[in-house]
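Below you'll find the structure, written out as structure tokens, and then a few comments.
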Amino acid sequence: MDNKLLKDTIGLLEKFESENQGYSCDIDAFKRWIAAGFLAVDTRIEPYWEGKENGRSPESAINTLFVHLNRYAKNYSKSAIHGSSFSTQEEFIYLINLKAFGAMNKMELIKRNIQDKPTGMQIINRLLEHGWIEQADSMLDRRSKIITINDKGRKILDQQMDKIRQATRLVAGNLTYNEKMQLIHLLNKLEHFHKPIFNKNIESSELLNVVASEFLPTHN
């Protein structure tokens, strides 16, 4: 075997292990990582964004696009729950998480949905009032409550799932399969960057300075 090819392959494996964000450590994941790298090469031509000609930064454009996409997604979610017993998209998202991942304590559910405690507790209390979830004392910590989705919650969720799935498909818009895979790769990378910071519960007064000094790379 060509020694150069072997060395290059080993180098790729080492890079994969060091940059392994959003992938499991197996051969299929390694192949997906390589494929995503080739997809990224195809997009190296710098795109246009609104205000670019006036010096607007790519970071500003990214932030605005995220805000816009979040609003589009909320519009589709609002349509998906129109005429149902759900009042917000967070209610069915909490139920989906409980159905998919099983029983958990309140803070685990709130953190899974990247929300602060007061907001999350309001959502959980609404679900309890509707009778869609149940709570019980934790066997590990009596101060903590374990919540589960019940039959009534599963039924109300199942009644709306076709529309929820439709809304989910619409958010992905007209992206091709390869574009979706590339987007998942990039969003996973951002998720792995931001989630540990969020979980540290850094005070708002210190958050920007701490993240800028401790988490951002020193090079562009």
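Residues checked against (1) part of a helix (DSSP H, G or I); (2) in contact with an Asp or Glu (Cβ under 7 Å, 6 or more places away or on another chain); (3) in the same structural domain as K78 (by TED's automatic domain parsing):
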position	(1), (2), (3)
R154	yes, no, yes
Q166	yes, no, yes
M181	yes, no, no
L216	no, no, no
So I96, is it surrounded by 12 or more Cβ atoms within 10 Å (Cβ to Cβ) and either modelled with pLDDT under 95 or not assigned by TED's automatic domain parsing to the domain that holds I164 (or both): no
Residue ID - surrounded by the most Cβ atoms within 10 Å (Cβ to Cβ), chosen from residues in region 43-82 that are hydrophobic (A, V, I, L, M, F, W, C) and in a loop (DSSP other than H, G, I, E, B): I81
Check off (1) surrounded by 13 or more Cβ atoms within 10 Å (Cβ to Cβ); (2) touching a Lys or Arg at 6+ places or on another chain (Cβ under 8 Å) for G131 and give me the number that stays unchecked. (1)
Residue pairs meeting the criteria (Cβ under 7 Å; at least 6 apart or on separate chains; first under 14 Å from L170 (Cα atoms), in region 59-83; second polar (S, T, N, Q) and outside any loop (DSSP other than H, G, I, E, B)): K74/Q89; S77/Q89; A80/Q160; A80/Q166
I'd like the full set of residues that are in contact (Cβ under 8 Å) with a residue 40 or more places away in the chain, over 16 Å from the mean Cα position of the chain (by Cα) and assigned to a helix (DSSP H, G or I), limited to region 99-121. K99, K106
Counting only residues that are loosely packed, with under 13 Cβ neighbours inside 10 Å and hydrophobic (A, V, I, L, M, F, W, C), which one in region 199-216 is modelled with the highest pLDDT? L208
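Residues are listed down the side, and each one gets a yes or a no for (1) touching a Pro at 6+ places or on another chain (Cβ under 9 Å); (2) assigned by TED's automatic domain parsing to the domain that holds G83; (3) modelled with pLDDT of 95 or more:
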{"position": "I133", "(1), (2), (3)": "no, yes, yes"}
{"position": "R143", "(1), (2), (3)": "no, yes, no"}
{"position": "N150", "(1), (2), (3)": "no, yes, yes"}
{"position": "M161", "(1), (2), (3)": "no, yes, yes"}
{"position": "K195", "(1), (2), (3)": "no, no, no"}
R143 meets each of (1) surrounded by fewer than 15 Cβ atoms within 10 Å (Cβ to Cβ); (2) under 15 Å from T88 (Cα atoms) with one exception, condition (2)
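The values are calculated or read from the model by the stated rules, or taken from the named source; none is laboratory data. Given the structure is predicted, the values throughout are model-derived calculations rather than measurements. Backbone-built Cβ (ideal geometry, glycine too); neighbour counts: all protein chains shown.
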